[in-house]
1. In this structure, is Leu81 among the aliphatic types (A, V, I, L, M), over 22 Å from Gln7 (Cβ atoms) and surrounded by 12 or more Cβ atoms within 10 Å (Cβ to Cβ)?
2. Please go through the range 38-53 and give me each residue that is of a type in the set (Phe, Trp, Tyr) and over 9 Å from Phe13 (Cβ atoms), ordered by number.
3. Looking at the range 52-61, which of the residues that are out of contact with any Ser or Thr (no Cβ under 8 Å at 6 or more places or on another chain) and in contact (Cβ under 8 Å) with a residue 12 or more places away in the chain is surrounded by the most Cβ atoms within 10 Å (Cβ to Cβ)?
4. Looking only at the range 85-95, decide whether some residue is at pLDDT below 95, surrounded by fewer than 14 Cβ atoms within 10 Å (Cβ to Cβ) and touching a Lys or Arg at 6+ places or on another chain (Cβ under 6 Å).
5. Within the range 111-142, can you find the residues that are farther than 22 Å from Leu95 by Cα and modelled with pLDDT of 90 or more?
6. Contact list please: Cβ distance under 7 Å, first residue in the range 119-143 and under 15 Å from Tyr85 (Cα atoms), second residue not charged (D, E, K, R), pairs at least six apart or on different chains.
7. Does Lys105 satisfy being loosely packed, with under 10 Cβ neighbours inside 10 Å and either in contact (Cβ under 8 Å) with a residue 60 or more places away in the chain or within 17 Å of Ser67 (Cβ to Cβ) (or both)?
Amino acid sequence: MIRNMKQEDKAVFFEMMQDFYSSKAVAHSIEGYVIEEVFYTAVNDPHLLRGFIIEDNNIPVGFALVSFCYTTEVGGLAVLLEDLYLSKACRGKGLGSKFIEFIEKEYPKAKRFYLEVTKENTRAIDLYKKHGYEIHEYVRMAKNTSG
């Protein structure tokens with residue numbers, strides 16, 4: 001089952017985020033205060049960041065975070081799959097595919113779905129390719145601010 005993240009999910013979300021951001025699936029770790037802000041935003045401002053809990057037999061086994069923007073390349077809404085995490089015991093059970101199918105149905109007017117993946121995360125790349133995602137040849141650049 002896939003459901004919206006709620007305040008009661010805070011402890012399990014923190015545990016999963018810490019596991020995710022200490023893995024090779026991401027390029028760098030994040031601080032605890034950032035996880036706190038992400039959780040607060042995902043629960044309280046779903047127009048900016050929407051959080052989901054993925055359950056297997058009513059037990060939280062993963063989470064996903066999506067954000068939104070307009071993309072000029074295709075002239076419409078872009079949904080960015082910020083994070084998709086499944087516990088090790090639940091990988092390979094089709095839950096990642098179910099989430100991708102769910103989010104694409106959830107936003108039928110989206111013109112593009114984006115995601116990021118490290119080159120080393122070949123299982124995730126294979127999953128995304130299976131669902132029609134392609135590698136774009138852009139170099140992502142970022143500047144962090146205190147704002």
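1. Numbers: among the aliphatic types (A, V, I, L, M): yes; over 22 Å from Gln7 (Cβ atoms): yes; surrounded by 12 or more Cβ atoms within 10 Å (Cβ to Cβ): yes.
Judged against the criteria, Leu81 is a match.
2. Correct list: Tyr40, Phe52.
3. Ile54
4. The answer is no, given that none of the residues of the range 85-95 is at pLDDT below 95, surrounded by fewer than 14 Cβ atoms within 10 Å (Cβ to Cβ) and touching a Lys or Arg at 6+ places or on another chain (Cβ under 6 Å).
5. Lys111
6. Asn121/Ala25; Ala124/Ala25; Ala124/Val117; Ile125/Val117; Leu127/Gly96; Leu127/Ser97; Tyr128/Leu115; Tyr128/Val117
7. no
The values are calculated or read from the model by the stated rules, or taken from the named source; none is laboratory data. Here the structure is a predicted model, which is why all the values come from computation and not from measurement. Please note: Cβ atoms are built from the backbone with ideal geometry, for glycine as well, and neighbour counts cover all protein chains shown.
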